[in-house]
Every structure is written in structure tokens, then in C-alpha cells.
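Everything on this sheet refers to the single structure shown next.
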Amino acid sequence: MNILGIETSCDETAAAIVENGLHVRSSVIASSQHDFERMGGVVPEQAARKQVECILPVIEEALVKAGITKEEIDAIAVTKGPGLIGSLLVGTTTARTLASIWKKPLIGVHHTLGHLSSVWLDTDTPPLFPAITLSVSGGHTDLWFREDHEIGVLLGSTQDDAAGEAFDKGASLLGLPYPGGPSISKAAQKGNADAYTFPLPLKEKDTLNFSFSGLKTALRYCIEEHPNATKEDLAASFEKAISNHLLHRLQKAVKQYPDAKEIHIVGGVSANTMLRNKAADIDPDLTVRFPALKYCTDNAAMIASAGFFMQQASQDAYNQFETRSSEQLTE
Ligand code: KG4
Ligand code: ZN
């Protein structure tokens, strides 16, 4: 079964063809990220205008790269939210139109469910359940206990900023370009992660929630108190503080859910090298899985995969959906 996935929740215009939820036949992404590097974030109106121009060529390229015709597509899966509303509307309007003209089933996918599904794209050994999943991106930071491909139980979420947002805001404080995760990571490679110590958020709290706003404030004070500190040392110490907080919560979840067979770490921040290296030490008995680097940040293959498993679970329950800028996955 071939699903055409479409994803336009932020600054990217992405389309992909995924076979049976696992095998990526093509994945095309046009990003306007470079336009926003110096602005410290995405300008929604500008992103949506670019997406209107890109969406049809990107879909066409995905079909050509996969070597299939529209007749061979079995369904269209599209990100219905959350995200920038103008951007989401470009994707969902295109998907609704194509589904109507081509007479294909349409599946509205929650963006976060897409990230949760990215872990089994192009893998030789499909993931085992139950799994504890840490989903960390620019818009959300969640911990899940999952028994199968469906959503699962939400164990904890961020109380304020998302982990990716903390990287982005931290980069802005350090004068590093957007998106902050890759630029902090790059600077951190030449820095000393032990140069400055930041507090471990919610250390004594009996919760699986996260909090990053205190770390951002701590970084601001640290910059003020140490005017001669190098960006590299500050970046490395800040990156370590974010990773430690994520892994501290994950370790707590592992203790509370001993039935888990695997740990999955997904979302844009899962591309982070320090997080990837440190996560390997969480529990020697548990396999820790990450998506391939190209599927950590936003892409349409993960939306096609999620759409496939949603359709397997319920043939037509997802045809009716609203495009929404904010929506909990558990709604
Ligand atoms: O999942 P994603 O592409 O979009 C959202 O759904 O938000 O995640 C984007 C976020 C950005 O905040 C970006 O700074 C962060 O992921 N990110 C990283 C890395 N690559 C992207 N954070 C840390 N290290 C990275 N290598
Ligand atoms: Zn995302």
C-alpha cells in the first residue's frame, strides 16, 4: 500500500511516498529555513507564501523519485495540526483537493503522531512494544508509554518551553543562528561542557513533566555574570543541561515502567549528538532507538507512516478532520 504523505506545519514543504508504513520510496523537503536564520525564528506569512509556490512541484518530485503514478497511490495522509495555521492550510487544502480529484481516501494526521512513527522508517528490525517514547521537538516535549502503533499513554509533558524551543531561545541569547539546536551543537563541539553548571529542572519533583524556561533564564544570567565566557563553552554547558534534564526524566520513566522493551527518542532534538551518545547509557537491558537523522526533523515520510497505521486501525475514521494550529494528540 502506497501512501502519499504531505507535511507543511512549519517552514518546510514536504511530500513522501511510503510503502506499508515502513519503506520510504521517496521523501522530498523544500525548506525556507535559510530565509529565517538571522531572524531568530520563522515569519509565518512568509513561510506560507513559499509553501504555496512549492507544494505542487514537491509532490510531483516525490512521485517521480518513487517511480509511481498517481493511480498507484492508495491514500493521502496530511498533517492536520498543530503548527502555523497558514502553512497547515496550504498542505491540507492541497491534500483535500487532490484526494477529491484523484478519488483517494484522505487521512488527517496529528504532527506528533508523525514524529512517534518516524522511528520505524526504513529499519531492518521493526521496533518492539511496549516502548517508552521521548518526543522532543520545537513545539512539544512529551513522554509516552506505547503498546502499539497507536498513541499510547501520555506520561509527562513540558510545563513551559519545548526542548527545541530552549535550544532556539538559547541560541538567540548566544547570538547563534536559527534553528538553535544545530547551531548550539556545532558551537558546543569546540567548547567545554563542564565550564558552567546549570540547575537540573524539577530535580526533586515526583513527576515525569519537563521544564526548560528556568534553564533559559540561567543561561541569560550566566552570560551576564561571565562577560568573557566563550560562546562555545556556554553552548556546550547549555546543551549538556538540556540533555541531562531529558535523560533524567527518561530514567525515571524507565524505573516506573519496567515492562518497556525499548526506548524511542524522536523529534527534531533527537538529532542531537550529545543526547544520542548519553542515551545509550540509560539502561543496558533496553534498546534505545532513534530515527535516521533525516527523519528526526519535520518530514512527510513520518506522516505517511502514521497515516498507514491509522488506516490499518480504522478504515474511515480519519477522513473528517479540522485543520488546527493547536491541538493535543490526546484530544
Ligand atoms: O521536529 P522539528 O523539526 O519541528 C517541530 O515539530 O518543532 O524540530 C525542530 C526543533 C528546533 O527547535 C531545532 O532547534 C531542534 O529541533 N533541533 C535540534 C537539532 N536539530 C534540530 N536540537 C538539538 N540538536 C540538533 N541537532
Ligand atoms: Zn515536528
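Here, each number is a calculation from the coordinates, and none is a lab measurement. Quick caveat: nothing in here was measured; it's all calculated off a predicted structure. Don't worry about glycine lacking a Cβ; one is built from the backbone with ideal geometry, like all the others, and counts go over all protein chains shown.
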* Asked: Within the set K169/K216; K169/K294; K169/K205; K216/K255; K65/K103, which residue pairs have Cα atoms separated by over 18 Å?
  -> K169/K294; K169/K205; K216/K255; K65/K103
* Among the aspartates and glutamates, select those whose C-alpha is under 15 Å from the C-alpha of K104, and discard any that sit fewer than 8 residues away in the same chain. => E71, E72, D74, D316
* Nearest 10 degrees, 0 to 90: what angle lies between the long axis of helix 301-313 and the longest principal axis of the chain (Cα atoms)? -> 60 degrees
* Structure fact -> Per 10 angstrom bin, beginning at 0 and ending with the bin that holds the maximum distance, the Cα pairs of the chain fall in percents of 6, 27, 33, 23, 9, 2, 0
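Please give the charge dipole size of the range 160-302, origin at the Cα centre, charges +1 on K and R Cβ atoms and -1 on D and E Cβ atoms. Round to the nearest 20 debye.
On the way: 17 positive and 18 negative charges, 43 e Å.
Result for the range 160-302 is approximately 200 debye, rounded to the nearest 20.
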* Rg(Cα) / (2.2 N^0.38 Å) computed for the range 157-270, rounded to two decimals -> 1.08
* To do: Place the peptides 52-63, 196-207 in order of packing, highest mean first, counting for every residue the other Cβ atoms within 10 Å and averaging per peptide.
  => 52-63, 196-207
* Hey, which lysines would be in cross-link range of K80, C-alpha to C-alpha under 16 Å, not counting anything within fewer than 8 residues on its own chain? -> none
* To do: Using every pair of alpha-carbon atoms in the range 54-193, split the distances into 5 Å bins beginning at 0 and state the percent of pairs per bin, rounded to integers.
  => 2, 8, 12, 15, 16, 16, 15, 10, 4, 1, 0, 0
* Any idea what the dipole of the range 71-211 comes to, in debye rounded to 20, about its Cα centre with Lys/Arg Cβ at +1 and Asp/Glu Cβ at -1? -> 440 debye
* Relative to the longest principal Cα axis of the chain, at what angle does helix 44-66 sit, 0 to 90 degrees, rounded to 10? -> 60 degrees
* Could you list, bin by bin from short to long, the percent of Cα-Cα pairs of the range 234-310 in 5 Å steps? -> 3, 14, 23, 21, 18, 14, 7, 1, 0
* **Sequence ranges 223-235, 258-270, ranked by mean other-Cβ count within 10 angstrom, highest first** => 258-270, 223-235
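Quick check of the Kirkwood formula: for the range 1-128, what is the inverse mean of 1/r over all pairs of different Cα atoms, in Å? If you can, show how the numbers build up before the last one.
Values: mean 1/r = 0.0672 Å⁻¹.
Kirkwood hydrodynamic radius for the range 1-128: 14.9 Å.
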* How large is the charge dipole for the chain, taken about the Cα centre, if only the Cβ atoms of Lys, Arg (+1) and Asp, Glu (-1) carry charge, to the nearest 20 debye? -> 320 debye
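Can you tell me which of 132-141, 210-219 comes out highest on packing, and rank the rest after it, using the mean Cβ neighbours within 10 Å? Let's see the in-between values first.
Values: 132-141: 25.3, 210-219: 19.8.
Peptide ranking by packing, descending: 132-141, 210-219.
Do any of K203/K252; K186/K231; K186/K240; K50/K70 go past 18 Å between their Cα atoms, and which?
Details: K203/K252 11 Å; K186/K231 11 Å; K186/K240 13 Å; K50/K70 24 Å.
Over 18 Å apart, Cα to Cα: K50/K70.
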